[in-house]
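Okay, so here's the structure we're looking at.
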Amino acid sequence: MNLAAITPEIILTAGALFLMVAEVATKGKRNLGWMTALIIALAGWSVIAQFGHIEAAFGGMILSDRFAQFFRIILLTGSLLATLTAAAAWQGGKGIFGAAYFPLLLISIVGMDLLVSGANLIVIFLGLEILSLPLYAMAAGRTSSDESVEAGAKYFLTGAFASGFLLFGIALVYGATGTFSLEGIGQEISAGARFLPFLWVGAILILIGFLFKIAAVPFHAWAPDVYTGAPTTTVAFFAAAPKAAAIGLLLRLTLTALVDVPLETVMWAAAWLSMLVGNIWALRQRDLKRLLAYSGIAHVGYLLVGLTAKGAGSVGAIGFYLLGYAAMSVGAFAVVAAVETGKGPTTLESIAGLGRRRPGISAALSIFMFALVGIPPTVGFAGKFVLFSEALKAGYLGLVIWAVIFSAVSVYYYLRVVVALWMWPEPEGVPTSDPDRGGPYWPVLGLASLITLLLGILPQPFLKLAAESLFWLL
Amino acid sequence: MGILSFLIFWPVVLGLFLLVRPGSPRGVATFAALGAAVEFIASLWLWNGFAPGTGFQFVESVDWIPSLGIGYRVGIDGISLLLVLLTTFLTVIAVVSSFSAITDRQRGYYASLLFLEAGVIGAFVATDVFLFYVFWEVMLIPMYFLIGIWGGKRRIYATVKFVLYTMAGSLLMLVAILWTYHYTGGYSGTGTFNLLDWYGLKIPAHIQVWLFAAFALAFAIKVPMFPFHTWLPDAHVEAPAAGSIMLAGVLLKLGTYGFIRFAIPIFPEGFEFFDTAILVLSVIGIVYGAKMTLIQDDMKSLVAYSSVSHLGFVMLGLSAMNLIGVTGSLLQQINHGISTGALFLLIGIIYERRHTRMIADYGGVFAIAPVFTIAFLIVGLSSIGLPGTNGFVGEFLILLGAFATSPFWAIIGTVGIVLAAGYILWMVMRVFFGPITNAVNESIRDLTGRELATVVPMVILIFWIGIYPSPFLKRVEPDLKKWLEQARPSRLIDMPDPERPCYVLIDAPGAAGEETR
């Protein structure tokens, strides 16, 4: 048995077990967040140390190739940022969640890791469940709040629904090809599968299962409610990392296993709709978390543009974009979490004129907003640039024009946040409860801003890494 | 690091330093002014070292994102030289003019002005299309803050409108840029964003039409050409005085510069398809802008609409596509930057004293502030294009060029000059002459020393270009001649250029003799 293939998973699982013990030992009174971050960083280090070595384990069911390693880096980065947010929130005493929060978080990362390194449909299904179950609990983490519990329940129900789709799809694909192995499925299809309708329907059902997970339209309806109700730190976590894992899996699935299955049409339609619905509905939102939820749907649309294009370059572009998106979206949620320390709502009104009183966190939020719009020199621009470039190269001119039109629409609602921060007058009368100056949030805000700007100004090394890691998947 | 990189990054460093530097607000302003002055002096190096007609100079080229064919490539030729100098010059004026006007959040204000300068210079000197696009977008952010934070009552509406208009246009340009990039790479290998390579492309004409349209939309919004001009009056009226100076002085020039540097020479056949439309829209802009000024009761919106009219002249000269017209067009860009910049500066000064820009609130100011009035009159006359001022040289060359290619539209365009005389002089009459109708105005102070220091250099430039333009024309003509060979549409290919260079037409015989010797 080759344990090298699952080193990060081992580290994370051991860390989770250790944290559970620590939790009990400290009676749940100590902030274990910083330690969790350390464990994630350790797992990330183990990935980097192994980078480039291809390892397979468990009879080829788990494959730690460059593709898996690159995606592990992405989702560990996203998770690290989210963990730093949660640690800061704990420090600030707001959004107190159940004591098991941090071990759950680590277990969920194990699921994501399995998702991107799984080379077998069963492992993939297991990965998805390991990823999802802790998330349901984390969404309902603030047990004192009805909304949080409601969010957890909604997330659980839709998640279960999605798993049903996925499982049924796996069964059909298995029926058509007689194997769970991705490589085997690819070979069967290339050799000419006999039960073509089964295969196609199965493939589409699997795709839909994951479209649910990444909240692509028309499978997005759960996202805004869950984003609003769940604790902000949880949302920061599942806004980026699970998306990266699911999209990584979809890439591997469509490029190695479900070759010649025309899934592009479904993705193409989901991309069109996600950009349309996400951006248009975001225009009406006044609550930051809801706004970011719809913005997340829109960004899934941009990512689906890359998935649709399905070329050598677009794989690298998607990886690069996901890394950038993890930084800017988790960063934005971290600011929202910081704003929540003011005990007020997280509406645009509550941050009116905040730039004057809290210039630090306001500047950070502005950077993330400009990045989400896609204005240089942020990674949001560089990412969209490579993504749209590859889609255009693949011939999807209409889709790219659609994407830039809605990018222009998105300017309005992202900039309105910046307008509220710096240009709205400060509320008069009632002394507003100001958020903290940011204190414990600085690690996450600093790191996220750094990634956002660094990848935007000097994208070359990361683009190269992404291209090299993902190119040979084809 | 070359001089151009210094010009781009010095304001950035300075701005970042201002943001974090402790110290009094007054110190911040002085510091920014000194930094901007250093920038201006450094840019004079370009003026001295420039060798006309030798293509791109002061070139720097470093790989930036080689896997996408993107490089940090900068350089200037005669077309961008004057625009860069105009930018560094106007930034000093803008910074100094804000000393007393801006009393809130000075750090962010001066940092924004400096970031804006960096973005604009970067866009003027970039010879890599990706780099150009980055600067083109980057400069939106400081301008957005300048209008949105330090602007007037409807500032948020104005700034959001400004950003939305600009973004909407430029994102379609991005698609066209990407398309052309893949065309250079043959849709398989790595293409290039090097502008010089793009000049040599032979894109099929029917595709050029679309690509040109996408570029032209972005630039036409920025110019702004009729009917894409509606953001401009709002932005101008709400922006702080220095913001207006920068907006009118240099930001609008990026639109016309974009046509000259990118849209027309890369897609000459696309331009040929649209040039009549551009010509007609320019003339409509000239007349419409001029007519709209007549009904404005706010001085700033009056000048804003006059900008629409003046930029119409610039585009008219461009669409003539002969050496005289294009040279005039380029010179008129500089002239507009100086004259309109100076008008906004003076309006800002009087607004600081009376906190109103309504023409009706004034009257008889001449008796109270004679120096101010004289300065305003000179600047106003240069805006009209009185002989002896810079405006005359530019508009004269433009109309001369336009007559050669399309006399009918040129004649209609001259209506704009007549109207300009009307609206400027009418405004001067209502504000400065007549009886003092409003007693509050008697307390208006005349120009202070600091204000004179900002106004006088502009007046000097007005007369310099008006009386002796050849140092400017000499530097731009050779490059424009080469540019025309590249870009001239085929239907005008037989159009003879004058034997002698333009500046001989304008200069006194003695100066011409000196040149020919």
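Every number in this text was worked out from the coordinates using simple rules, so none of it is lab data. Just so it is clear, the structure is predicted and the values come from calculations on it, not from any experiment. Every residue, glycine among them, receives a Cβ derived from its backbone with ideal geometry; neighbour counts consider all protein chains shown.
When each of A:G178, A:G152, A:G141 is tested for being of a type in the set (G, A, S) and surrounded by fewer than 22 Cβ atoms within 10 Å (Cβ to Cβ), the lone residue that passes is A:G178.
Can you find a residue that is among the polar types (S, T, N, Q), buried (at least 24 other Cβ atoms within 10 Å of the Cβ) and closer than 21 Å to A:L322 by Cβ anywhere in the stretch A:127-136?
No, the conditions are met nowhere in the stretch A:127-136.
Scanning the stretch A:181-198 for residues that are surrounded by fewer than 23 Cβ atoms within 10 Å (Cβ to Cβ), out of contact with any Gly (no Cβ under 6 Å at 6 or more places or on another chain) and in a helix (DSSP H, G or I) gives A:E183, A:G184, A:G186, A:Q187, A:E188, A:I189, A:S190, A:L196, A:P197. Of all residues in the stretch B:263-292, those that are within 14 Å of B:I207 (Cα to Cα) have Cβ atoms under 9 Å from Cβ atoms of residues that are of a type in the set (K, R), 6 or more apart or on another chain, in B:P268/B:R488; B:E272/B:R491. Of A:I361, A:I405, A:I375, all but one fail to be within 11 Å of chain B (Cβ to nearest Cβ), under 23 Å from the mean Cα position of the chain (by Cα) and either among the aliphatic types (A, V, I, L, M) or over 23 Å from B:Y165 (Cα atoms) (or both); the exception is A:I375. Annotation: of all residues in the stretch A:42-64 being free of Cβ contacts under 8 Å to residues at least 40 places away in the same chain and part of a loop (DSSP other than H, G, I, E, B), the one that is farthest from A:T83 (Cα to Cα) is A:G59.
The requirement of being in contact with a Lys or Arg (Cβ under 9 Å, 6 or more places away or on another chain) and surrounded by fewer than 22 Cβ atoms within 10 Å (Cβ to Cβ) is satisfied by A:L348. Each residue in the stretch B:152-184 was checked for being buried (at least 24 other Cβ atoms within 10 Å of the Cβ) and within 18 Å of B:D104 (Cβ to Cβ), and 1 of them qualify.
Do we find a residue being within 19 Å of B:K222 (Cα to Cα), crowded, with 24+ Cβ neighbours inside 10 Å and not hydrophobic (A, V, I, L, M, F, W, C) anywhere in the stretch B:73-86? Checked the stretch B:73-86: at least one residue is within 19 Å of B:K222 (Cα to Cα), crowded, with 24+ Cβ neighbours inside 10 Å and not hydrophobic (A, V, I, L, M, F, W, C).
Can you confirm whether the stretch A:63-84 contains a residue that is farther than 21 Å from A:L115 by Cα and touching a helix residue (DSSP H, G or I) at 6+ places or on another chain (Cβ under 7 Å)? Yes, some residue in the stretch A:63-84 is farther than 21 Å from A:L115 by Cα and touching a helix residue (DSSP H, G or I) at 6+ places or on another chain (Cβ under 7 Å).
Of everything listed in (1) surrounded by 20 or more Cβ atoms within 10 Å (Cβ to Cβ); (2) within 17 Å of A:M138 (Cα to Cα), the single unmet condition for A:G248 is (2). The single condition among (1) within 14 Å of chain A (Cβ to nearest Cβ); (2) assigned to a helix (DSSP H, G or I); (3) surrounded by 22 or more Cβ atoms within 10 Å (Cβ to Cβ) that B:G191 does not satisfy is (2). Checking B:E395, B:E451, B:E442 one by one, the residue that is part of a helix (DSSP H, G or I), surrounded by fewer than 20 Cβ atoms within 10 Å (Cβ to Cβ) and charged (D, E, K, R) is B:E442 and no other. Residues of the stretch A:6-47 that are of a type in the set (G, A, S) and either in contact with a helix residue (DSSP H, G or I) (Cβ under 7 Å, 6 or more places away or on another chain) or over 23 Å from A:I74 (Cβ atoms) (or both): A:G15, A:A16, A:A22, A:A25, A:G28, A:G33, A:A37, A:A41, A:A43, A:G44, A:S46.
Does A:I54 count as of a type in the set (A, V, I, L, M) and either at positive phi or surrounded by 22 or more Cβ atoms within 10 Å (Cβ to Cβ) (or both)? Considered against the rule, which asks whether it is of a type in the set (A, V, I, L, M) and either at positive phi or surrounded by 22 or more Cβ atoms within 10 Å (Cβ to Cβ) (or both), A:I54 comes out as no.
Somewhere in the stretch B:13-28, is a residue under 25 Å from B:K481 (Cβ atoms), touching a residue at least 60 places away in the same chain (Cβ under 8 Å) and not in a helix (DSSP H, G or I)? Checking the stretch B:13-28: not a single residue is under 25 Å from B:K481 (Cβ atoms), touching a residue at least 60 places away in the same chain (Cβ under 8 Å) and not in a helix (DSSP H, G or I).
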